[in-house]
Each structure stands twice: as C-alpha cells, then as structure tokens.
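The values are calculated or read from the model by the stated rules, or taken from the named source; none is laboratory data. Here the structure is a predicted model, which is why all the values come from computation and not from measurement. Neighbour counts run over all protein chains shown; Cβ positions are idealised from the backbone, glycine included. With ligands, DNA and RNA removed, areas are computed over all heavy atoms of the protein, side chains included. Shrake-Rupley method; radii C 1.70, N 1.55, O 1.52, S 1.80 Å.
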Amino acid sequence: MTKNINCVVSESKKLFNIAKKVIPSGVNSPVRYFEPYPFFTKKANGAYIWDVDDKRYIDFCNGYGALLLGHRRKEILKSVSNQLTKGTLYCTPTESEIELSKLIIGNFPSIDKVRLMNTGGEATMTAIRLARGFTKKKKIIKFEGCYHGAHDSVLVKAGSGSAHNGISVSDGGLDEVSKNTLVVEYNNIEDLQKTIQKHKDIAGVIVEPILANMGLILPEKNFLSDLRKVTKENNIPLIFDEVVTGFRVAPGGAQEYFGIKPDITTMAKALSNGFTISAVGGKKEIMDLLSPGGKVYQASTFAGNPISVSAAISSIKTINKIKNKLYSKLERFNLLFSTALDDMATDLKIPHQINFTASMFQIFFTNKPVVDYQTSKNANAKKFQKMFQTLLKNGIFIAPSQFEVVFLSDAHTQTDLNKTLDAYNLALKSVKN
C-alpha cells in the first residue's frame, strides 16, 4: 500500500502542539515563533542545522549572531570538554576569569576593567545602573528600534521580537520606570541634541552602534562620531551595546570598526560562540563603582561560570588567531551575496533595499532607504514572511522576522552561498507572484 506523504504530520508539529500545553505560546523566546509552527531542532554542525524530521538547513540565523565561528567549533568544544572534567560551577573566583578579562580588555581599548555576567539583557541593565550610579542622575536616552534586552528601562519602542509583535511598551512595565527613558530617532543627531537641551537629568545614552534588531540599519556618516562628541560635551556617559556587534564586525567590535571609544560597553553572543555569557566593561572610575568595592549592586550565581568562561577564552583566542582571514572572508562573501541578491530583486522589478556590512545583511521590501525605526517599520513585512517561508522550504534558515538580521559564519562555504542564492531567487519570485 502506497503511503500518502501529504497525510504525514511532521514531528515538529507534534512537538509544538505538546509545547503549547506546557510553555507559553510553545516557545521560550518570542523571536523563535513563526506560523504555522516553528521547526524543532535535533542537532547542528558547522553551517548546518537539522530538525527533528531530519531535514537539513543552511543556518543563517546563527544564534542571532552568536555563532561567528559556526556550530560545534572544534577548538571551543575541546576547551569546554576539558573544563567539564574539572567541574561546572564553583561560585568562587578562578584564574580563568582573569585570563578572559585580559583578553576582552586587549581587544577593546576603551575598557579598563570588565565584569562577567550571563545575558545581554543583564549586561545592559547593569550598564544603565552604572551610568546612573556614576552621574547620580535618572534619565536614559535610547534610540527607536534599538533592542537592549527585555527589562523595563529599555523596553520602550524597542526592536527585535518587541517590534515584530507590535509591542511599543510592554504590559507589566512600570510607568514610573519608562518615563525616565527618553526615545530619540536613530541617525538623527539633532533630535538627540534637542532632547539633551530639554532634559538636564540625563544619566547616559545607550545605543546599538549598528542597529541589528530592526533589520540591519547602519549608522550614517558622522552619526557615531557626532554622538560621541555630543555626549562628551554634555558629560553624559555613552554606552555602546555591542551584544551583537562585539567580536562579530571586528575583534574589538563596532567601536574598533568605526574608531569610537564609548565609556561603557556591553557584549555577549559572539563572545563565546554560543555559550551563555556576557560582560560589561568600561572606564576604571565607572567600573569601580560596582559592589562590593562600590555602591552599584550587581551579583549573579552563574557569573564567571567556568564552562562559559572556557568557551569564551577559546572563542577569542581562535578569533584573534584567524582574524586576518576571518573578517576579510566574511566581508567578501557578504559583498558578493548582497550584490547578487540586489541584482536578482532588480531584475524581477521588486522594490527593495539591501543593507549590509561586515558579516550581516538584510533585505527590505520598500522603495525608500531604511535608515531608522520608521523606515524599517514601513517595509512590507508580509512579503518578507512569504520570502522566509519559501527559503525554509528550500532548506535555508534565516531569522523569521523582518526585524532581525541574516548572519554569515566562518563555517559557510562558497557552495553554501551558491545554494542559498538559488533559494533566494525562488523566494523572490514567490514574492513577486
């Protein structure tokens, strides 16, 4: 008897139906959901990820930018395996934490001291608390569409899943907290200056130097240098949120890439190539305010976890060892890929914009350049979803939201890119039709 394949229910669908009964909306992070249901992953290696139905995808989500070196990088797995034989959690200082801190400081000249923690959200929350503790002021300025984690101070007109789900200010957030968050337009230095002139109680300015949570939005010429100049003139600490860009666009992050020195830096993601760790670093006089030596309190049981620390040490050492080849390769691949994608969309007469830099790109379906929150929101998200579904059917996994970014990794090959361009060609045709 012949089996009708159309009647076969995927394992991912079965698991999702179960997950919805025990996990809110069936997912542990909103960005992982897409209609009709997300695929469930079984394993990953190099540039590939496999779902529970054994379908292989070329992975361009890459842990939302964390996997700069690809899945299961051998150097990192070796370091983690060695540490596993020694223990997983001590809650005491280790020599490895000193080594990692020195590696971070060596790559980021703006950082005198660094404290390790666990997530990007924890890092930005601490950075903001440090700025307030340093200045003895309350208000924080952020930019529309920048995403700095899911905590009250910054969950106002944020990017990432917040933008994708149309949540400008989260329910459950306190008005008395969000009223101290001032939101200005990205790439609009005049808006920043007016806001600073109007409010004298500004503790800090936090920004994604390259906006990677509203799709990909690049800083316009002089925006970051003007931002640094304005904050210095007004004695306002500048926080670079390099959770995405740290190590990804350069060993010293976007601040190396653009030649800007912020006062405080946050990082996570590519810091450990997929293990749970983050960090806050900055000037000595600011960082020394952290407890127990100072009165800005921050603590965590899992901070400096030896497993994650070993992964981060190996990740940074690997990046530093291959950096001359790594970044030039990714930039070359990105230029070739983005140019080819632009040509395809142009030939098909599909209104579009492609923003790309270093190892990141995104396509927007719009006639107008995408330079800020509003122009990103005005792009045709329905067309993006249609493109995403077609890519998925053809074995290409990108982040399922218009407001995320496509990430290249060192594991991607020219063959992978050629297959992906073929899939994008089909996907763009589906959008046109």
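Solvent exposure of the chain, expressed per residue, is 45 Å² of accessible area, with all protein chains present and a 1.4 angstrom probe.
For the chain, modelled as a GNM whose springs connect Cα atoms under 10 angstrom apart, the maximal fluctuation among Gly246, Gly395, Gly120 occurs at Gly395.
Over the chain, what is the percentage of antiparallel beta bridges among all DSSP beta bridges, to the nearest 5?
Working: 26 of 44 bridges.
Percentage antiparallel, nearest 5: 60.
Close amide H partners of Gly304, meaning residues 5 or more places away or on another chain with modelled amide H under 5 Å apart, are Met117. From the alpha carbon centroid of the stretch 173-233 to that of the stretch 331-403 is 26 Å. For the chain, take the longest principal axis of its alpha carbons; what is the angle in degrees between that and the long axis of helix 11-22, to the nearest 10 within 0 to 90? Long axis of 11-22 versus the principal axis of the chain: about 40 degrees. Spatial offset of the stretch 242-301 relative to the stretch 35-54 amounts to 31 Å, using the alpha carbon center of each.
Rounded, prolate or oblate: which one fits the stretch 98-137, using the alpha carbon gyration tensor with axes a ≥ b ≥ c (rounded when a/c is under 1.5, else prolate when a/b beats b/c, else oblate)?
Details: a/c = 2.85, a/b = 1.59, b/c = 1.79.
In terms of gyration-tensor shape, oblate.
In the chain, carbon and sulfur make up what percent of the accessible area (probe 1.4 Å)? Whole-percent figure for carbon plus sulfur exposure: 52. Classified by the C-alpha gyration tensor, the stretch 221-314 has an oblate form. Its axis ratio a/c, with a ≥ b ≥ c, is 1.5 or above, and a/b does not exceed b/c. Relative to the first principal axis of the alpha-carbon coordinates of the chain, what is the inclination of helix 189-198, with its axis defined by its Cα atoms, in degrees from 0 to 90 and to the nearest 10? For helix 189-198, the angle is close to 40 degrees. The amide H of Lys42, built 1.01 Å from its N in the peptide plane, has Trp50, Asp51, Val52 as neighbours under 5 Å, considering only residues 5 or more places off or on other chains.
The Cβ shell under 13 Å around Ala19 holds other residues with a net charge of +4, Lys and Arg each +1, Asp and Glu each -1. For the stretch 13-96, the relative contact order works out to 16 percent when only alpha carbon pairs closer than 8 Å and six or more residues apart are counted. For the stretch 334-374, what does the alpha-carbon gyration tensor say about shape, rounded, prolate or oblate, given a ≥ b ≥ c as the root eigenvalues, a/c under 1.5 as rounded, and a/b over b/c as prolate? Oblate is the answer for the stretch 334-374, as a/c is 1.5 or above yet b/c matches or exceeds a/b. Remark: the stretch 206-221, residue by residue, has Karplus-estimated 3J(HN,Hα) of 10, 8, 7, x, 10, 6, 10, 10, 9, x, 9, 10, 9, x, 6, 3 Hz, where x stands for each Gly or Pro and the curve is 6.51 cos²θ - 1.76 cosθ + 1.60 at θ = phi - 60°.
Dividing the helix sum by the residues of the chain, where each DSSP H run of 4 or more adds -39500 (n - 2.57), gives a mean residue ellipticity at 222 nm of -12000 deg cm²/dmol.
Please check: in the Gaussian network model of the chain (C-alpha springs, under 10 Å), which one of Ala19, Ala423, Ala303 has the largest mean-square fluctuation. Comparing Ala19, Ala423, Ala303 in the GNM, the peak value goes to Ala19. Considering only beta bridges that DSSP places wholly inside the stretch 234-353, some 40 percent are antiparallel.
Among Ser308, Ser291, Ser338, the largest mean-square fluctuation in a Gaussian network model of the chain (Cα springs under 10 Å) belongs to Ser291. Our note on the geometry: Cα centres of the stretch 115-140 and the stretch 15-32, 31 Å apart.
The phi torsions of the stretch 251-259, fed into the Karplus equation with coefficients 6.51, -1.76 and 1.60 and a -60° offset, translate into couplings of x, x, x, 5, 5, 6, 4, 9, x Hz, rounded to whole numbers, with Gly and Pro shown as x.
Expressed as an acute angle from 0 to 90° and rounded to the nearest 10, what is the orientation of the C-alpha long axis of helix 381-393 relative to the principal long axis of the chain? Between helix and principal axis, roughly 60 degrees.
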